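K.L.:
Input: one structure, supplied below.
The values are calculated or read from the model by the stated rules, or taken from the named source; none is laboratory data. All of these numbers come straight from a predicted model, not from anything done at the bench. Reconstructed Cβ throughout: ideal geometry from the backbone, glycine too, with neighbour counts over all protein chains shown. Keep in mind that these areas ignore ligands, DNA and RNA; they rest on the heavy atoms of the full protein, side chains included. Shrake-Rupley method; radii C 1.70, N 1.55, O 1.52, S 1.80 Å.
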Amino acid sequence: MLNIFKSKKEFNQNFDLDMNNIPNHIAIIMDGNGRWAKEQNLPRSMGHRAGMESIRKVLKEATRLGIKNLTLYAFSTENWARPKDEVGAIMKILVTYLKKELDECHKNGVRMNVLGDMARLPQECQDALEEALEITKNNTKINLNFALNYGGRDEIVRAIKLISLDVKDNKIKEEDINDELVEKYLYTKGIPDPDLIIRPSGEQRLSNFLLWQCAYSEFWYSDINWPDFKEKDLRKAIADYQNRDRRFGKVK
């Protein structure tokens, strides 16, 4: 099996990145599968299948570079409105990915996590995800977060409801509510906010993704459709990130 882990020195020489300024958390809106399929005169489902290979490549590259958290927007709460056959294909591709990649991910220290409500997913998906979460739960090399049946507004509403219940049950006081407390009720509890959010395909919007967490994220957009997104594109986004001045509202 290909050894995906090489020295940081080697990759610094090859990619000209500042290895002391690698983002802790990168989030990607995996957009453009349908456009890619259309350009190839293929069914949309084939675009989603092609996108699966990009996940594999980007995960390996992120692991090589020492990125600790990688979040992939795989299926939104709004995506249920798509044609049933496309939704069904996406769910089957997810199961295929997990079955095909789980052993290698586990061997390479990938810890899988799900952001979103798994309850609405088909049972086959739930079973495959639960197995992956259980097998990889103690891994520490990189956290791979799949945003599935996820919506930023839905996440915030869910947090408000949970906080309200805990206030009602006297588990917390109203005056205890602040940013830090709210974060504990989000799907991303314990996960640092994304330093960099990447969106391929030419669109320049968040599409209901990590609305709370993106407060000080850097954004990088590309016209490349997700199935054509390669390791070099990830490095290019990181290089651009490293040339930005992040002040978090302060003055240097």
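K.L.:
Return the residues of region 99-130 that are in contact with a Leu (Cβ under 7 Å, 6 or more places away or on another chain) and over 19 Å from ASN69 (Cβ atoms); say none if nothing qualifies.
P.N.:
Listed by number, the residues that qualify are MET118, LEU121, CYS125, ALA128.
K.L.:
What is the one condition in (1) out of contact with any Pro (no Cβ under 8 Å at 6 or more places or on another chain); (2) modelled with pLDDT under 95; (3) open to solvent by 20 Å² or more (accessible area, probe 1.4 Å) that GLU53 does not satisfy?
P.N.:
Of (1) out of contact with any Pro (no Cβ under 8 Å at 6 or more places or on another chain); (2) modelled with pLDDT under 95; (3) open to solvent by 20 Å² or more (accessible area, probe 1.4 Å), only one is false for GLU53: (1).
K.L.:
Still on this structure, please answer the following. For region 178-209, give me the residue count where each residue is of a type outside the set (S, T, N, Q) and over 14 Å from the mean Cα position of the chain (by Cα). Don't jump to the end; show me each part of the working.
P.N.:
Step one: list which residues in region 178-209 are of a type outside the set (S, T, N, Q), which gives 179-187, 189-200, 202-203, 205-206, 209.
With the extra rule that they be over 14 Å from the mean Cα position of the chain (by Cα), the set shrinks to 179-186, 189-190, 202-203, 205.
The qualifying residues number 13.
K.L.:
Looking only at region 201-252, count how many residues are over 17 Å from GLU61 (Cα atoms) and in a loop (DSSP other than H, G, I, E, B).
P.N.:
Selection size over region 201-252: 31.
K.L.:
Right, another one. Could we say that VAL110 is open to solvent by less than 10 Å² (accessible area, probe 1.4 Å) and either at pLDDT below 95 or not polar (S, T, N, Q) (or both) here?
P.N.:
Values: open to solvent by less than 10 Å² (accessible area, probe 1.4 Å): yes; either at pLDDT below 95 or not polar (S, T, N, Q) (or both): yes.
When the stated conditions are applied, VAL110 passes them.
K.L.:
How do the pairs read when you match residues in region 20-45 that are over 19 Å from TYR241 (Cβ atoms) with residues anywhere that are open to solvent by 70 Å² or more (accessible area, probe 1.4 Å), using Cβ under 6 Å and keeping only pairs 6 or more apart or on different chains?
P.N.:
Going by the 6 Å Cβ cut-off, the qualifying pairs are GLY34/ARG44; ALA37/ARG44; ALA37/MET46.
K.L.:
In addition: Taking ILE191 as meeting all but one of (1) of a type in the set (A, V, I, L, M); (2) crowded, with 16+ Cβ neighbours inside 10 Å; (3) closer than 27 Å to SER164 by Cα; (4) in contact with a helix residue (DSSP H, G or I) (Cβ under 6 Å, 6 or more places away or on another chain), write down the number of the exception.
P.N.:
(4)
K.L.:
Let me ask something additional. Just to be sure before I move on: is LYS84 more than 18 Å from PRO43 (Cα to Cα) and open to solvent by 20 Å² or more (accessible area, probe 1.4 Å) in the structure I sent? It would help to see each step written out before you state the result.
P.N.:
Numbers: more than 18 Å from PRO43 (Cα to Cα): no; open to solvent by 20 Å² or more (accessible area, probe 1.4 Å): yes.
Against the criterion (more than 18 Å from PRO43 (Cα to Cα) and open to solvent by 20 Å² or more (accessible area, probe 1.4 Å)), LYS84 does not qualify.
K.L.:
Being under 23 Å from GLY116 (Cβ atoms) and open to solvent by less than 50 Å² (accessible area, probe 1.4 Å) is the filter; apply it to region 210-219 and report the residue that is nearest to the chain's Cα centre (by Cα).
P.N.:
Residue satisfying both the conditions and the ranking: LEU210.
K.L.:
List pairs: first residue in region 161-179 and surrounded by 10 or more Cβ atoms within 10 Å (Cβ to Cβ), second residue among the aliphatic types (A, V, I, L, M) anywhere in the structure, Cβ distance under 6 angstrom, at least six positions apart or on different chains.
P.N.:
As it stands, the answer is ASP166/ILE172, since those pairs meet every condition given.
K.L.:
Of the residues ASN3, ASN21, which is at pLDDT 95 or above and either part of a loop (DSSP other than H, G, I, E, B) or buried (at least 18 other Cβ atoms within 10 Å of the Cβ) (or both)?
P.N.:
That would be ASN21, the only listed residue that is at pLDDT 95 or above and either part of a loop (DSSP other than H, G, I, E, B) or buried (at least 18 other Cβ atoms within 10 Å of the Cβ) (or both).
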